[in-house]
Amino acid sequence: MPDTHGVRAFLLDVEGTTTPIAFVYDVLFPYARRELAGFLRAHARDSEVRDALRRLRQEHRSDGEGSLAPPPWPADDEIGPALAYLEWLMDADRKSTALKALQGLVWQEGFNRGDLQGQVYPDVAPALARWRRQGRSTFIYSSGSVLAQRLIFSRTEAGDLTPLLDGYFDTTTGPKKEAGSYRSIAVEIDVAPGDVLFVSDSADEVSAALSAGLRAALCARDGAPALTGAAIVRSFDVLAPGE
């Protein structure tokens, strides 16, 4: 069980940590893939969509200049090539910031229409409330966009959990497998790295957080492998249970 004495802030991954992996891969991702084409054609002039498409084209250019071979993107066309490139990114499960932004916008429509409802493990809401009572802060750090994070936690079966969260971070802060990202987050939330406990089901992410001086625990809800030097948790019930 992780030592939570002196922990001032929890930093939580989403997929496989607060939220079932199946919800992400079997509900959210297929929904975005199915709805993206109609969404882009309907909202191509929206400022958020235009910004995401601009970043998407930049990513495409970088991929084309490297060793990858993305689908072509002619200068005189936008939506069709963008969709082909988005499909290519999704097939590769790439952590593309532009893709995540567009997925978040699609999911926002889905949540607003009632097509989607956020899911969290049963122990998550009680833990968030418990840590708030203890005077600790809780932050989210996910590859999914901040918008997507807010949507998941605002409309769960346990109700709106966003009042129990103090902030959100995504890949605009930096890659989750790089120690520098965790140092940046510690600075942003104004908490010493050693007073932050990061929880994730990814051993690489936990290793990066430990390298940055954070405390970290590997969330093994689905039998994740052990990691030398990191505590293992299978439920949030064991995290600051009654301090």
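Highlighted here are the helices (runs of 4 or more DSSP H) found entirely within region 42-122 that include at least 2 residues which are out of contact with any Gly (no Cβ under 7 Å at 6 or more places or on another chain) and closer than 18 Å to L147 by Cα: 47-65, 97-113. The selection criterion, being surrounded by fewer than 24 Cβ atoms within 10 Å (Cβ to Cβ), in contact with a strand residue (DSSP E or B) (Cβ under 7 Å, 6 or more places away or on another chain) and not polar (S, T, N, Q), does not hold for R183. Among residues belonging to region 92-124 that are of a type in the set (D, E) and closer than 23 Å to R50 by Cα, point out the one that is surrounded by the most Cβ atoms within 10 Å (Cβ to Cβ). Among those that are of a type in the set (D, E) and closer than 23 Å to R50 by Cα, it is E109. The set of residues in region 74-83 that are among the small types (G, A, S) and surrounded by fewer than 16 Cβ atoms within 10 Å (Cβ to Cβ) comprises A75, G80. Within region 157-189, the set of residues being assigned to a strand (DSSP E or B) and under 16 Å from the mean Cα position of the chain (by Cα) comprises G167, Y168, F169.
Can you find a residue that is in the same structural domain as E157 (by TED's automatic domain parsing), closer than 24 Å to S154 by Cβ and among the charged types (D, E, K, R) anywhere in region 1-22? Yes, the conditions are met somewhere in region 1-22.
Residues that are more than 30 Å from Q117 (Cα to Cα) and at pLDDT 90 or above within region 28-68 comprise R57, Q58, E59, H60, R61, S62, D63, listed in sequence order. Filter region 125-137 down to residues that are touching a residue at least 40 places away in the same chain (Cβ under 8 Å) and crowded, with 18+ Cβ neighbours inside 10 Å and give me whichever is farthest from the chain's Cα centre (by Cα). Selected residue: R130. None of L56, L28 is in contact (Cβ under 8 Å) with a residue 24 or more places away in the chain, farther than 30 Å from A216 by Cα and surrounded by 19 or more Cβ atoms within 10 Å (Cβ to Cβ) except L56.
Against the condition β-branched (V, I, T) and outside the structural domain of G159 (by TED's automatic domain parsing), how does I140 come out, does it pass? Judged against the criteria, I140 is not a match.
Against the list (1) within 16 Å of T17 (Cα to Cα); (2) free of Cβ contacts under 8 Å to residues at least 40 places away in the same chain; (3) surrounded by 22 or more Cβ atoms within 10 Å (Cβ to Cβ); (4) among the hydrophobic types (A, V, I, L, M, F, W, C), the condition F236 fails is (2).
Each residue in region 143-156 was checked for being under 9 Å from the mean Cα position of the chain (by Cα) and under 16 Å from V124 (Cα atoms), and 1 of them qualify.
Screening T138 on (1) in a helix (DSSP H, G or I); (2) at pLDDT 95 or above shows it passes everything except condition (1).
The values are calculated or read from the model by the stated rules, or taken from the named source; none is laboratory data. The structure presented is a predicted model; accordingly, all values stated were derived computationally and were not measured. Every residue, glycine as well, gets a Cβ built from its backbone with ideal geometry; the counts of neighbours run over all protein chains shown.
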